[in-house]
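Read-outs throughout are calculated quantities, based only on the coordinates presented, and are distinct from any laboratory measurement. No experiment lies behind these values; they were computed from the predicted model shown. Counting neighbours? That spans all protein chains shown, and the Cβs are built from the backbone with ideal geometry, glycine included.
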Amino acid sequence: MSTLADKLTALVAQAAEAAGYGDSPIPLEPCVPTNDPRHGDYQSNYAFRVGKAARTNPRAVAQAMVDALGDSELVASAEVAGPGFINFRIADAALAADLMERIGSATLGAPRIGEGKTMVIDYSSPNIAKRMHVGHLRSTIIGAAIDRIHRMLGYTVIADNHIGDWGTQFGMLIVAWHRWRDEAAFAEDSIAELQRLYRLFREEAKEDASLEDLARAETAKLQAGDADNLALWERFVKESLVEFEGVYERLGVSFDVVHGESYYRDGLQALVDRLLDQGIATMSEGAAVVEFSPEDGKGLGKSPLLVRKSDGAALYGTTDLATVEHRMATWNPETIVYVTDQRQQLHFRQVFAAAKKMGHTAPEYVHVWFGMVRNPDGSIMASRKDGSAITLVDLLDTARDEARKRVDDKSSHLPEEERAAIAEAVGVGAIVYNDLSQNPQSDVIFDWEKMLAMEGNTAPYLMYALARCHSLLRKAGDFEPGGLVLGHESERALALQISRTPEVVLQCAGTWKTNALADHLYGLAGALAAFWRDCPVLKDDVDPATRQSRLTLAHATAVAMSSGLELLGLTPLERM
Ligand code: ARG
């Protein structure tokens, strides 16, 4: 269904037509929420622009459009304001009807703008034999939210986890494995053991340069398909994936395909040969590079993309070009999105420019990049105080344990099992929400106290607001939503906030940022608090119709809040 803003915009188009401005060269402009609710719910700036373009008084144009509006069930009032804006107030009955229709839909009636369109989203993408670090956590959290948002809008989304499972490090690991492995340690914590082996190799290779030659030979054997090396590599991959899977499960994330870099390994040399043949790549000091001109992108003129080293090895970027080819051939997507930290900006600009040279000009390429994770003191979060690396599993466990303390404090009456589930949902939710409620391009601060606070723009605050709706509905007993009448201003404000949710989802999709949705949910919780304050529901002196209407509003709030929290990747709870 269309959004409230769209419904009004359609009305403005009709009014413009009726007032004689139908052939204005100015394209129709969507209505937007007013900055100040006292001026109305939405405003249109269209008349202002039309008037300017026609060199007539924009206020007069706005007035003509208002006069031409005629009777509309949607609008309670339309007023000309400022230099030629129109402020609209939605009619209460229309708002109530819009809300009821929305909460009957699994997607809150979000417009299916992605219908028939395919989007590949490349996110998480950790590296085998290494711990997933906080950067991969951010990629996973942000990527999964973008994924869910676009699915809600009707896109066919292919979530592809482009894991780093190929490269020269495997030759080193194989050498180290044969010399120094500790099977028991591998069984206990395989990634820790692989990391130990890798570091040990690096140390030893400083003393004994022949180790590097051995590693190169093992890498070459692996690449040539040697059965033993392949088997060992597969084991490393499999064991690493087990740990990644554990993290994904706790975050509620799953992928449609997991094509690691290794998936493309056999086609890389032929790809580079082809690029050379076609003149897309050129030889430079024994290496093959794709060179760019300033038209390919700002600053790219001086930054060629290396696709084959002088020793013949293909690189990260070569794989990315093969990956674009594969995605185009397999899904022919309209959009390909990559989610990584800020340090890969140049890499992706190069890859996108090179892919276009290869003829893949149709898709929209998007690099969604994000900043670092910092401790409250400003230091980059990568290691613990004692210098050892923070693992994601540790981080999630700490969040859960911190949340558990608070749950035990507040909700000691709940059974043990439920408290454990709440702690997991709140702890993980706090990490996810802390990330998604900020502009992804700024650094994220990891402050447990703030993240887990019951007040403010936090996961626990929103989750608790939702649980309170459910608690009311439980107390009310049997009830079917319906009979919504927006009498009190606080009821109306809450309903408007609920109905606007899909508009915000659209905004998030358009900007590749989720913080607008977080802000919206925070606003929703605020409107709910005002509703609780002003509008008693189960008190004895509330008449049955009002009680029914207010229960419906609480139910609708719960539907919108759950749906919003789920989009962000939180687990909505009915009790906390
Ligand atoms: N594995 C890479 C890393 O950890 C991220 C991969 C991102 N995706 C891609 N297609 N390059 O930095």
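Figure legend: label point modelled 7 angstrom from the Cα of residue 216 along Cα→Cβ; residues of region 276-310 with amide N under 20 Å from it are 284-288, 307-310.
Would you mind ranking 160, 165 by Cβ crowding within 10 Å, fewest neighbours first?
With the sparsest Cβ surroundings first, the list reads 165, 160.
Label separation (residue 14 vs residue 343): 5.7 nm, computed from points 7 Å beyond Cα along the C-beta direction. Bridging of residue 405 to lysines at a Cα separation below 23 Å is possible for 385, 450, once same-chain residues fewer than 8 apart are set aside.
Pairs exceeding 27 Å between alpha-carbon atoms, taken from 206/302; 298/357; 130/410; 130/298; 410/475: 206/302; 130/410; 130/298. For a straight C-alpha distance cut-off of 27 angstrom, the lysines reachable from residue 7 (same-chain residues fewer than eight places away being disregarded) are 52, 117, 513. When each of 183, 239 is scored by the number of other beta-carbon atoms lying within 10 Å, the sequence from fewest to most is 183, 239.
Calculated mean residue ellipticity, 222 nm, the chain: -17500 deg cm²/dmol, from DSSP H runs (n ≥ 4) at -39500 (n - 2.57) each, averaged per residue and rounded to 500.
For the pair residue 234 and residue 332, what calculated FRET efficiency results from E = 1/(1 + (r/R0)^6), where r is the Cβ-Cβ distance and R0 = 41 Å, to the nearest 0.05?
0.85
The charge dipole of region 518-576, taken about its Cα centre with unit charges on the Cβ of Lys, Arg, Asp and Glu (plus for the first two, minus for the last two), comes to roughly 60 debye. Each of 170, 186 has some number of other Cβ atoms within 10 Å of its Cβ, and from fewest to most they run 186, 170.
The residues packed around residue 104, meaning those with a beta-carbon under 15 Å from its beta-carbon, carry a net charge of -2 if Lys and Arg are +1 and Asp and Glu are -1. Percent of Cα pairs in the chain per distance bin of 20 Å, from zero to the largest separation: 18, 43, 29, 9, 0.
Every Cα-Cα pair in region 162-280 was counted, and those over 21 Å apart are 48% of them.
Based on C-alpha pairs under 8 angstrom that are at least 6 apart in sequence, the chain has a relative contact order of 14 percent.
Compared with the dominant principal axis of the Cα atoms in the chain, helix 392-410 is inclined by about 40°. In this label model, residue 2 and residue 113 are separated by 1.5 nm, measuring between points 7 Å along each Cα→Cβ vector. Between 0 and 90 degrees, the angle of helix 92-103 with respect to the longest Cα principal axis of the chain falls at about 30 degrees.
Considering only trypsin sites (Lys or Arg not before Pro) in DSSP loops that have at most 14 other Cβ atoms within 10 Å, the longest stretch of the chain without any of them is 113-297.
Relative contact order, whole percent, for region 1-59 stands at 29, derived from Cα pairs under 8 Å and 6 or more residues apart.
Hey, what did region 96-252 get for relative contact order, percent, Cα under 8 Å, at least 6 apart?
Once divided by the residue count of region 96-252, the mean separation gives 24 percent.
A dipole drawn for region 76-229 from +1 and -1 charges on Cβ atoms has a positive end, and of 111, 91, 124 the residue lying farthest that way is 91.
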